[in-house]
Amino acid sequence: MKPHIGITEEKLKKSVKMLSIVLADEMTLYVKTRKFHWNVSGESFMELHKLFEAQYTEIEQSIDEIAERINKLGAHTIGTMEEFLGLTRIKEAVGKYPNQKEMIEELLKDHETLTIELRKDIEKESDAGTTDYFTKLLQSHESIAWILRRYLK
């Protein structure tokens, strides 16, 4: 049953498409952060292990919220790796096992990329609820990027 919530069919489709792309971004970043959590080693092992865990836990919450937002708008949520990889705007770290500094640099780049992309998404014509959610998500990525940047000073 289609929702009757004051959003045109065209805006609903546009919002779902944008949300699906953001969901793919978040899933890809979640998997990468989890991989780095599992594979970090060196002097700051425990600190970074816990930091990455906190970050992927935050991303996991966002993933669920995005998926539920898509359902609230009356659409089905994508859910396969193939779908996610076909839409994401960030790159996986296939076959890469970087050192601590490289992990931080790569995650920082991804969070900054998503911040930039979310700013673009916010400027597109969308429904108010999706725009509001994107603003909150953008702020979360800004905060994580700021923390990661501090490790590189």
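The values are calculated or read from the model by the stated rules, or taken from the named source; none is laboratory data. Everything numeric in this text was worked out from a predicted model, so none of it was measured. Positions of Cβ are generated from backbone atoms using ideal geometry, with glycine treated the same way; all protein chains shown enter the neighbour counts.
Of the residues K96, K101, K32, which single one is farther than 18 Å from R149 by Cα and touching a helix residue (DSSP H, G or I) at 6+ places or on another chain (Cβ under 9 Å)? Spell out the reasoning first.
Working: K101 fails: farther than 18 Å from R149 by Cα; K32 fails: farther than 18 Å from R149 by Cα.
Answer to the selection: K96.
Out of L114, L152, which single residue is loosely packed, with under 13 Cβ neighbours inside 10 Å and touching a Leu at 6+ places or on another chain (Cβ under 8 Å)?
On inspection, the qualifying residue turns out to be L152.
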Report summary line: In region 98-129, residues that are farther than 14 Å from E26 by Cβ and either of a type outside the set (A, V, I, L, M) or not in a helix (DSSP H, G or I) (or both) total 17
Query raised in the report: Any idea how many residues of region 101-127 are among the aliphatic types (A, V, I, L, M) and over 19 Å from L23 (Cβ atoms)?
Result: 3
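Each row is one residue, and each column tells you yes or no for (1) within 23 Å of E10 (Cβ to Cβ); (2) β-branched (V, I, T); (3) within 15 Å of the chain's Cα centre (by Cα).
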| residue | (1), (2), (3) |
| --- | --- |
| R69 | yes, no, yes |
| L85 | no, no, yes |
| I90 | no, yes, yes |
| E102 | no, no, no |
| L114 | no, no, yes |
| S126 | yes, no, no |
| G129 | yes, no, no |
Report summary line: Within region 83-138, restricting to residues that are of a type in the set (S, T, Y) and out of contact with any Asp or Glu (no Cβ under 6 Å at 6 or more places or on another chain), the one that is modelled with the lowest pLDDT is S126
**Report entry** Out of L23, L51, sole residue that is part of a helix (DSSP H, G or I) and more than 28 Å from K124 (Cα to Cα)
**Finding:** L51
